[in-house]
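Below is one structure, written out as structure tokens; the observations come after it.
The values are calculated or read from the model by the stated rules, or taken from the named source; none is laboratory data. Remember, predicted model here, so these are calculated numbers, not experimental data. Positions of Cβ are backbone-derived with ideal geometry, glycine not excepted, and every protein chain shown enters the neighbour counts.
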Amino acid sequence: MADVTLVQGDTRPSLNGTLTKRSDATPLNLTSATGVKFQMRGEDDHRYTVDADAVIVDDPTDGMVRYDWADGDLARPGEYICQWEVTWNDGTTQTTDPPNTITVRAQ
């Protein structure tokens, strides 16, 4: 079962998430992050259909992020795997694990 189900062609609602530490599931402090990306690919594909900037929401210590869908992001129905990729101020990256799943259902 998918974590989120959306409708083909929609651009709302935005996708919200709270990034957490792997060790204890507390919110990830994004204060020293220089950016966050939302990445989504088909279940049987290794190429991203979405690899775009996301937004750190409100207080960066809360680990909350948001991705606002662009036209075409949800063009194809199917099962997708998605993750968030954080870039830190030292140039390193950290990807959420485990990834989440999205179902895009046909109109």
- Which one of these is modelled with pLDDT of 95 or more, within 15 Å of Arg22 (Cα to Cα) and of a type in the set (S, T, N, Q): Thr87, Thr61, Thr103, Thr93? Thr93
- Any hit, region 4-18, residues being under 11 Å from the mean Cα position of the chain (by Cα) and of a type in the set (Gly, Ala, Ser): yes
- Task: Look through region 1-58, keep the residues that are farther than 21 Å from Thr87 by Cα and of a type in the set (A, V, I, L, M), and return whichever of them is surrounded by the most Cβ atoms within 10 Å (Cβ to Cβ).
- Result: Leu6
- Message: I'd like to know if region 84-100 contains one or more residues that are surrounded by fewer than 16 Cβ atoms within 10 Å (Cβ to Cβ), in a strand (DSSP E or B), within 11 Å of the chain's Cα centre (by Cα) and not charged (D, E, K, R).
- Response: yes
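Yes/no matrix, rows are residues, columns are (1) closer than 15 Å to Asp53 by Cα; (2) touching a Leu at 6+ places or on another chain (Cβ under 8 Å); (3) of a type outside the set (Asp, Glu):
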| site | (1), (2), (3) |
| --- | --- |
| Arg66 | yes, yes, yes |
| Asp71 | yes, no, no |
| Ala75 | no, no, yes |
| Gly78 | no, no, yes |
| Gln83 | yes, no, yes |
| Val86 | yes, yes, yes |
| Asp90 | no, no, no |
| Thr95 | yes, no, yes |
| Pro98 | no, no, yes |
- Query: List, please: which pairs have Cβ atoms under 6 Å, are six or more places apart or on different chains, and start with a residue in region 54-80 that is under 20 Å from Gln94 (Cα atoms) and free of Cβ contacts under 8 Å to residues at least 40 places away in the same chain and end with one that is assigned to a loop (DSSP other than H, G, I, E, B) and of a type in the set (A, V, I, L, M)?
  - Reply: Ile56/Leu30; Pro60/Leu30
